[in-house]
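S.K.: Dumping the structure here so I can ask a few things about it.
The values are calculated or read from the model by the stated rules, or taken from the named source; none is laboratory data. Everything numeric here is computed off the predicted structure, so don't read it as measured data. Cβ placement follows ideal geometry from the backbone for every residue including glycine, while neighbour counts extend to all protein chains displayed. For accessibility, only protein heavy atoms count, side chains too; no ligands or nucleic acids. Shrake-Rupley method; radii C 1.70, N 1.55, O 1.52, S 1.80 Å.
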Number of protein chains: 2
Amino acid sequence: MSETRPLDLTGDVGLLTAALVDVESVSGGEKALADAIETALAPLAHLTVVRDGEAVVARTDLGHAERVVVAGHIDTVPLAGNLPSRVEGDLLYGCGTSDMKSGVAVALKLAAALPSPARDVTYVFYDCEEIEAARNGLGRLARTRPELLAGDFAVLMEPTGGEIEGGCQGTLRAEVAARGKRSHSARSWYGVNAIHAVAPVLERLNSYRAREPVVDGLAYHEGLNAVGITGGVAGNVIPDECVVTVNYRFAPDRSLEEAQRHVREVFDGYEVRFTDGAPGARPGLTHPVAAAFARAVGGTPRAKLGWTDVSLFARLGVPAVNYGPGDPNLAHQADEHVALGAIAACERNMLAWLGAP
Amino acid sequence: MSETRPLDLTGDVGLLTAALVDVESVSGGEKALADAIETALAPLAHLTVVRDGEAVVARTDLGHAERVVVAGHIDTVPLAGNLPSRVEGDLLYGCGTSDMKSGVAVALKLAAALPSPARDVTYVFYDCEEIEAARNGLGRLARTRPELLAGDFAVLMEPTGGEIEGGCQGTLRAEVAARGKRSHSARSWYGVNAIHAVAPVLERLNSYRAREPVVDGLAYHEGLNAVGITGGVAGNVIPDECVVTVNYRFAPDRSLEEAQRHVREVFDGYEVRFTDGAPGARPGLTHPVAAAFARAVGGTPRAKLGWTDVSLFARLGVPAVNYGPGDPNLAHQADEHVALGAIAACERNMLAWLGAP
């Protein structure tokens, strides 16, 4: 166990956020913070606490018919000279204030404050969300201990500006390649120029009309874009290969397989090789538990366009949304901050939902 | 001076070629061969021999009204397990047999065999032709001792399969850039995709009609081609820059400045930055000395499409052609070889030209 000062889960949620922020936890270095969280939760008799690597899972087991999951990652992007935290007026500055230790603070307050929630609750605090997907702590739990993530509905407390963001879009990347034939560029007519041959690929991207489907009542917005292009052998050689890397962001009414099929159709006639991909997640707001959550929180739910860990819950059959006090536009910025009032409002809304019969 | 066996300039030109080939002279390592050439030429009373780095220049000074230059590089590309030389039937195999020690052997034979040529002759044997232009020995002489290269006409004895190749095309490279605006690829409509923006650049290349002008009686063939393309920031970012590198090979009726203006016109609306360029050279076969050369050698002169060192002579005001016994298609190949009969035929033709009154 570390020498970090014990966390006070019974005081002000803004102070708790500052305490969490001041325990540095860049991805891969979460041990001190995971220890502090485990130490704070362990004495609470109404919770069963499980430690898995640098993830901590705490569950009530009251025998309710429904179980909800409240989750947040405890790691941050690398520091940018923005620790320790500091308060200016109503704003708390520091690395992780928005993304997402303010959400983690709310979850920890709920865990301590609600010995008898209206639904059983699983609190998940996990590591390595900000780096490569293979190391993601929530993904590890989903693979190795999926029973710990089971539930009827999940709330990921990522920064959403206090609005519900439902589901997420899927993403895939593909390499679209054109082949040619090398020759000396002084006698270019003996070759076939593969860079020239990708002109139709770029034309198809330029004329592509992205879908904007409504899924479970939320409006999504797809996109198909080149994110890289490479070609060329030498300054005097007609190149025999050119590769365009495309990224397709697709709405959650389409499976990963359907999205791949679509990309193959768009680039019919070219070699298409998929390099990675992850399905999206439907918003799931039609589920009664989710509807109760939306009523308690208020506002107008909107679609999440980026890919987030709610997709991991979707794969386990758990509808999930993003909802948290941080401002997503401030995530990963040197001047990252969060409004103390927003954290308190989020805490009130979550208490109203989980505490209500 | 090295311990290389002395060169015999009075014997068979094929044997002399083999002796030259067997003195390894990869670019930058020509000293032993330059020493051997200087040693072989120094005793010839009708020649003034100058050594400059690893270049050797030998001149007659008979007071003729006309002077011609016979030049060849003595370096080779790196070995490919193809030394020492070997003979199979009429073919001599080995690194540099075609490009261009057979041409150098002919020039050395002429230097020794013609104490009283019909025109004054300057023989130039130079280093570092096969590597970056800045180290080219002929270029060094042109900059530092241009008087050594003065003349009315020059023959570069590069491999041409025994045909006269007149002049050379110019070459330039330019970077054609499109700019955009970065955004996250999940919300691509906030950005401007620079890779998509080069589609018209590639379309212009695809629809480009290359000129095939006749210059001084020879038919040239231009080309404008992409030889490289780069763009992309990360797999989830709309890229803000894409650069297409193009190579324009232009006929010698166009100056480098005219060629640059043309490229700017073709890519009007895009950023165009020139990274390198070298003018071509007119074939110059209309000059009386050149016409006499063409008559003596026979065959039908053709245009040289690649860029060669004749351009360096052109800049000094010396019309120049390529003419040599090697096969240009075998240059830089592991099985590089030359026909002994072709070397002897070249020697006869050059003797007929330089020896005739």
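So that you can scan it fast, the table gives a plain yes or no per residue for (1) surrounded by fewer than 18 Cβ atoms within 10 Å (Cβ to Cβ); (2) touching an Asp or Glu at 6+ places or on another chain (Cβ under 7 Å):
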position	(1), (2)
B:Arg5	yes, no
B:Leu9	no, no
B:Leu15	yes, no
B:Leu20	no, no
B:Val26	yes, yes
B:Ala34	no, yes
B:Leu41	no, no
B:Leu62	yes, yes
B:Asn82	no, yes
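S.K.: Then there is this: If B:Tyr323 satisfies all but one of (1) closer than 13 Å to B:Glu165 by Cβ; (2) open to solvent by 40 Å² or more (accessible area, probe 1.4 Å); (3) hydroxyl-bearing (Ser, Thr, Tyr), what's the number of the condition it fails?
M.R.: The number of the failed condition is (2).
S.K.: For the stretch A:91-98, state whether one or more residues are assigned by TED's automatic domain parsing to the domain that holds A:His337 and open to solvent by 30 Å² or more (accessible area, probe 1.4 Å). First the steps, then the outcome.
M.R.: Pass one, the stretch A:91-98, residues assigned by TED's automatic domain parsing to the domain that holds A:His337: A:91-98.
Remaining after also requiring open to solvent by 30 Å² or more (accessible area, probe 1.4 Å): A:91, A:93.
Checking the stretch A:91-98: at least one residue is assigned by TED's automatic domain parsing to the domain that holds A:His337 and open to solvent by 30 Å² or more (accessible area, probe 1.4 Å).
S.K.: Now for a different question. Just one of (1) touching a helix residue (DSSP H, G or I) at 6+ places or on another chain (Cβ under 8 Å); (2) over 30 Å from A:Ser185 (Cα atoms); (3) free of Cβ contacts under 8 Å to residues at least 12 places away in the same chain trips up A:Asn247, so point out which.
M.R.: (3)
Okay, residues lined up against (1) open to solvent by less than 30 Å² (accessible area, probe 1.4 Å); (2) at pLDDT below 85; (3) more than 16 Å from B:Gly170 (Cβ to Cβ):
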site	(1), (2), (3)
B:Ala278	yes, no, no
B:Arg282	no, no, no
B:Phe293	yes, no, yes
B:Asp309	yes, no, no
B:Arg315	no, no, no
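S.K.: Within the stretch B:249-272, identify whether any single residue is outside any loop (DSSP other than H, G, I, E, B), buried (at least 19 other Cβ atoms within 10 Å of the Cβ) and facing chain A (nearest Cβ under 8 Å), and answer yes or no. Reasoning before the result, please.
M.R.: From the stretch B:249-272, those outside any loop (DSSP other than H, G, I, E, B) are B:249-250, B:256-266, B:271-272; that's our starting set.
From what's left, buried (at least 19 other Cβ atoms within 10 Å of the Cβ): B:249-250, B:259, B:263.
Next, from what is left, pick out any that are facing chain A (nearest Cβ under 8 Å): B:249.
The answer is yes; a qualifying residue exists.
S.K.: Tally time: how many residues in the stretch B:157-191 are within 11 Å of chain A (Cβ to nearest Cβ), of a type outside the set (A, V, I, L, M), more than 18 Å from A:Asn236 (Cβ to Cβ) and open to solvent by less than 10 Å² (accessible area, probe 1.4 Å)?
M.R.: The total comes to 1.
S.K.: Among all residue pairs at least 6 apart or on different chains, which show Cβ distances below 7 Å where the first residue, located in the stretch B:173-195, is among the aromatic types (Phe, Trp, Tyr) and the second is open to solvent by less than 60 Å² (accessible area, probe 1.4 Å)?
M.R.: Short answer, once both residue conditions are applied: B:Tyr190/B:Ser183.
S.K.: In the stretch A:178-196, how many are modelled with pLDDT of 95 or more and assigned to a strand (DSSP E or B)?
M.R.: 3
S.K.: Now a separate question. Quick one: A:Glu175 ticks every box in (1) in a strand (DSSP E or B); (2) in contact with a helix residue (DSSP H, G or I) (Cβ under 8 Å, 6 or more places away or on another chain); (3) among the acidic types (Asp, Glu) except a single one, so which number is it?
M.R.: With respect to (1) in a strand (DSSP E or B); (2) in contact with a helix residue (DSSP H, G or I) (Cβ under 8 Å, 6 or more places away or on another chain); (3) among the acidic types (Asp, Glu), A:Glu175 is out only on (2).
S.K.: Now a separate question. Might you check whether a residue that is open to solvent by 10 Å² or more (accessible area, probe 1.4 Å), within 24 Å of B:Pro283 (Cβ to Cβ) and either within 25 Å of the chain's Cα centre (by Cα) or not assigned by TED's automatic domain parsing to the domain that holds B:Ala303 (or both) occurs anywhere in the stretch B:116-123? Write out each step before concluding.
M.R.: Restricting attention to the stretch B:116-123, the residues satisfying the condition of being open to solvent by 10 Å² or more (accessible area, probe 1.4 Å) are B:116, B:118-119.
Filter once more, so that each one left must be within 24 Å of B:Pro283 (Cβ to Cβ): B:118-119.
Keeping just the survivors that are either within 25 Å of the chain's Cα centre (by Cα) or not assigned by TED's automatic domain parsing to the domain that holds B:Ala303 (or both) gives B:119.
Checked the stretch B:116-123: at least one residue is open to solvent by 10 Å² or more (accessible area, probe 1.4 Å), within 24 Å of B:Pro283 (Cβ to Cβ) and either within 25 Å of the chain's Cα centre (by Cα) or not assigned by TED's automatic domain parsing to the domain that holds B:Ala303 (or both).
S.K.: Every residue in the stretch A:339-354 that is open to solvent by less than 40 Å² (accessible area, probe 1.4 Å) and modelled with pLDDT under 95, please.
M.R.: Selection gives A:Trp353, A:Leu354.
S.K.: Looking at (1) in contact (Cβ under 8 Å) with a residue 24 or more places away in the chain; (2) within 7 Å of chain A (Cβ to nearest Cβ); (3) not in a strand (DSSP E or B), find the lone condition where B:Ala199 falls short.
M.R.: Going through (1) in contact (Cβ under 8 Å) with a residue 24 or more places away in the chain; (2) within 7 Å of chain A (Cβ to nearest Cβ); (3) not in a strand (DSSP E or B) one by one, B:Ala199 breaks only (1).
S.K.: Follow-up. Of the residues in the stretch B:210-242, how many are part of a strand (DSSP E or B) and either small (Gly, Ala, Ser) or open to solvent by 20 Å² or more (accessible area, probe 1.4 Å) (or both)? Working first, answer last.
M.R.: Our first condition is that a residue be part of a strand (DSSP E or B); within the stretch B:210-242, this holds for B:214-215, B:218-219, B:223-231, B:237-238, B:241-242.
Remaining after also requiring either small (Gly, Ala, Ser) or open to solvent by 20 Å² or more (accessible area, probe 1.4 Å) (or both): B:214, B:219, B:223, B:226, B:228, B:230-231, B:237, B:241.
The qualifying residues number 9.
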